[in-house]
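Engineer: One structure coming up, written as structure tokens, with questions to follow.
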């Protein structure tokens, strides 16, 4: 690693910072729902994010799971892998069952997407950001009962 190169921030550190400082997490309409959304996101990442990882990340993940299985994905990936995983978290199968919780989930995803856009990302970052935006819109349409869903 070059002297001028920074160590990438882990997804765990990014999420900790996001939930501690993001205005959406303190918004009165969803503040009480944020712990459910956060727990649900962590479950999603632990069980589904593996499908979004590169071979190198998978190797690290398997080694990390030998030491501590819970939240292993968060410790080995950074902003880009987290961004890649977010559209799946908006899939109807992963929306929280209570309508208000699901709406809060989508607001958190949109805010997290904006936060991740501030991180150094790869060359396909614009496409990844658009994928998250599209997933949020599709999920919102499902929640709203739109025929376009």
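The values are calculated or read from the model by the stated rules, or taken from the named source; none is laboratory data. Note that the structure is predicted; figures quoted are calculated from it, not measured. Backbone-built Cβ (ideal geometry, glycine too); neighbour counts: all protein chains shown.
For (1) touching a helix residue (DSSP H, G or I) at 6+ places or on another chain (Cβ under 8 Å); (2) within 16 Å of residue 48 (Cα to Cα); (3) free of Cβ contacts under 8 Å to residues at least 40 places away in the same chain, each residue gets a yes or a no:
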site	(1), (2), (3)
81	yes, yes, no
85	yes, yes, no
97	no, no, yes
111	yes, no, no
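Engineer: Next question, about the same structure. Kindly list the number of the only condition in (1) closer than 21 Å to residue 125 by Cβ; (2) in contact (Cβ under 8 Å) with a residue 60 or more places away in the chain; (3) in contact with a helix residue (DSSP H, G or I) (Cβ under 6 Å, 6 or more places away or on another chain) that fails for residue 33.
Structural biologist: The one condition residue 33 does not meet is (1).
For every residue, the table says whether it meets (1) part of a helix (DSSP H, G or I); (2) out of contact with any helix residue (DSSP H, G or I) (no Cβ under 9 Å at 6 or more places or on another chain); (3) within 27 Å of residue 100 (Cα to Cα); (4) at pLDDT below 95.
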position	(1), (2), (3), (4)
4	no, yes, no, yes
8	no, no, no, yes
29	no, no, yes, yes
51	yes, no, no, yes
62	yes, no, no, yes
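Engineer: Moving on. Could you say whether any residue in the stretch 90-99 is assigned to a helix (DSSP H, G or I), over 16 Å from the mean Cα position of the chain (by Cα) and either more than 23 Å from residue 16 (Cβ to Cβ) or at pLDDT 95 or above (or both)? Talk me through it step by step, then tell me what you get.
Structural biologist: The initial filter retains those residues of the stretch 90-99 that are assigned to a helix (DSSP H, G or I), namely 92-94, 99.
Within this subset, residues satisfying the condition of being over 16 Å from the mean Cα position of the chain (by Cα) are 99.
Of the ones still in play, those that are also either more than 23 Å from residue 16 (Cβ to Cβ) or at pLDDT 95 or above (or both) are 99.
So far as the stretch 90-99 goes, yes, one or more of its residues are assigned to a helix (DSSP H, G or I), over 16 Å from the mean Cα position of the chain (by Cα) and either more than 23 Å from residue 16 (Cβ to Cβ) or at pLDDT 95 or above (or both).
Engineer: Being under 21 Å from residue 27 (Cα atoms), surrounded by fewer than 14 Cβ atoms within 10 Å (Cβ to Cβ) and out of contact with any strand residue (DSSP E or B) (no Cβ under 7 Å at 6 or more places or on another chain) narrows it down to one residue among 98, 102; which is it?
Structural biologist: On inspection, the qualifying residue turns out to be 98.
Engineer: Quick check on my filter: what residues within the stretch 115-132 are loosely packed, with under 15 Cβ neighbours inside 10 Å and at pLDDT 95 or above? Spell out how you get there, then give the answer.
Structural biologist: Within the stretch 115-132, the subset loosely packed, with under 15 Cβ neighbours inside 10 Å is 118, 120, 122-124, 126-127, 130.
If the condition is that a residue be loosely packed, with under 15 Cβ neighbours inside 10 Å and at pLDDT 95 or above, then 130 is the only one that fits.
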